[in-house]
Amino acid sequence: MAGLDIVVIALVVLVILILFAGIKTIPQGYQYTVERFGRYTRTLEPGLNLIIPFIDRIGSKMNVMEQVLDIPTQEVITRDNASVSADAVAFYQVLNTAQAAYQVAHLEHAIINLTMTNIRSVMGSMDLDELLSNRDKINDQLLRVVDEAANPWGLKITRIEIKDIAPPKDLVDAMARQMKAEREKRAQVLEAEGSRNAQILRAEGAKQSAILEAEGQREAAFRDAEARERLAEAEAKATKMVSEAIAAGNVQAINYFVAQRYTEAMAAIGKAPNAKVVLMPMEASSLIGSLGGIGAIAREVFGDGSTPAGAPQRTRQSTPSTASRNPFDTPPQGTGA
């Protein structure tokens, strides 16, 4: 083999090596920066790329996928001087490879320290109760502040989440006692409100019952008065009719009226509470005789309708019973006037 052939082979091999040195394959999810004589020139996208060997070189290999950083636990003093421990996670994504590579050194370390600083700032401006009950508010404030601070680095902070907030044990015990006291207080308040509502309902029921009872008594009194009024009207009408019958000489009306009063008087005497024993003639024959005597008196006073005027009337003898004599029986009469 001649020397010329060796030179040609060497040149071919050198060209192949130079070509291989200029070909760069970028994996998906990454971007590479290209530096020419130490200065950034361009960014290589995923796929097959060519650079000038020995002049251009790969500067930084940046992962442009969304990444997560674990924020270590740190002590935070709240606004009411309570000491708590808090940790978090931060999610970020590189949007500008050149800025992320050349605007900040140690990108992940910078994000961690920036997040920790803002956690102390945001959580330190809150009371302990607000801190424990408003995690969403804390996350939103942290995300806004850290994303704004990391924007010049070509980053997008997509999410910051507080993982755990751990107060000291004595504070946890005090909070448990406070929660128990609050629950007992609410229970007592609810019990008192229930008792009050029950008393109100009972009072309303008693009021409605009293109103209905009063209305019933009023209706009963009204109906009783109406009944008495009608009874009085009936008695007045009956008395008027009897008076008219007596005036007209109706002996039967007189007999009925006197007998009714006599019977009512006997019933009243029998029902008297202070009358234990009543001795008086109660035979039916005596009562009938009394009615007959009353009829005879009426005929003698008013005259018999069947006897002509001026004619002498018949003499009526009345012999009282040997057993008993009714006070209404008439004594023996002579000839009527």
Carbon and sulfur: what percent of the range 177-238's accessible surface (1.4 Å probe)?
-> 56 percent
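Quick one: divide the alpha-carbon radius of gyration of the range 176-219 by 2.2 N^0.38 Å and tell me what you get.
2.04
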State the percentage of accessible surface on the range 9-70 attributable to carbon and sulfur atoms; use a 1.4 Å probe and exclude ligands, DNA and RNA.
-> 65 percent
Taking R0 as 22 Å and r as the Cβ-Cβ distance between MET175 and THR117, the FRET efficiency 1/(1 + (r/R0)^6), rounded to the nearest 0.05, comes to 0.20
Rounded to the nearest 10 Å², what accessible area does VAL84 show when all protein chains are kept and the probe is 1.4 Å?
-> 0 Å²
Return one whole number: the accessible area per residue of the range 1-155 in Å², for a 1.4 Å probe.
-> 58 Å²
Have a look at ILE160, GLN188, VAL172 and report the one farthest towards the positive end of the charge dipole of the range 153-209, computed about the Cα centre with Cβ charges (Lys/Arg +1, Asp/Glu -1).
-> ILE160
The range 80-124 residues near the modelled ARG39 label - backbone nitrogen below 14 Å, point 7 Å along Cα→Cβ | none
Report, largest value first, the span of the C-alpha coordinates of the range 71-172 along each principal axis, in whole Å.
-> 50, 21, 18
Given Cβ charges of +1 for Lys and Arg and -1 for Asp and Glu, the option among THR41, GLY59, ALA10 whose Cα lies farthest towards the positive end of the dipole of the range 1-80 is ALA10
Amide N proximity, the range 52-69 versus TYR102 label position 7 Å along Cα-to-Cβ, cut-off under 12 Å = 59-60
Relative to the Cα centre, what is the charge dipole magnitude of the range 149-233, using +1 at the beta carbon of each Lys and Arg, -1 at the beta carbon of each Asp and Glu, and rounding to the nearest 20 debye?
-> 780 debye
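Using the heavy atoms of the protein chains alone and a 1.4 angstrom probe, what is the accessible area of the range 159-244 per residue in square angstrom?
Averaged over the residues of the range 159-244, the accessible area is 84 Å².
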Run the accessible area of the range 93-137 with a 1.4 Å probe and give the carbon-and-sulfur part as a rounded percent.
-> 45 percent
In debye, nearest 20, what is the charge dipole magnitude of the range 1-104 about its Cα centre with +1 on Lys and Arg Cβ and -1 on Asp and Glu Cβ, if you could check?
-> 460 debye
Please quote Rg/Rh for the range 115-225 to two decimal places, taking the Kirkwood radius as Rh and restricting both calculations to Cα atoms.
-> 1.54
For the range 1-154, what is the per residue volume of the convex hull drawn over the alpha-carbon atoms, in cubic angstrom?
-> 122 Å³
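The values are calculated or read from the model by the stated rules, or taken from the named source; none is laboratory data. Every value quoted in this text rests on a predicted model; they were computed, and no experiment measured them. Counting neighbours? That spans all protein chains shown, and the Cβs are built from the backbone with ideal geometry, glycine included. Quick note on the areas: whole protein, heavy atoms, side chains included, nothing else; ligands and nucleic acids left out. Shrake-Rupley method; radii C 1.70, N 1.55, O 1.52, S 1.80 Å.
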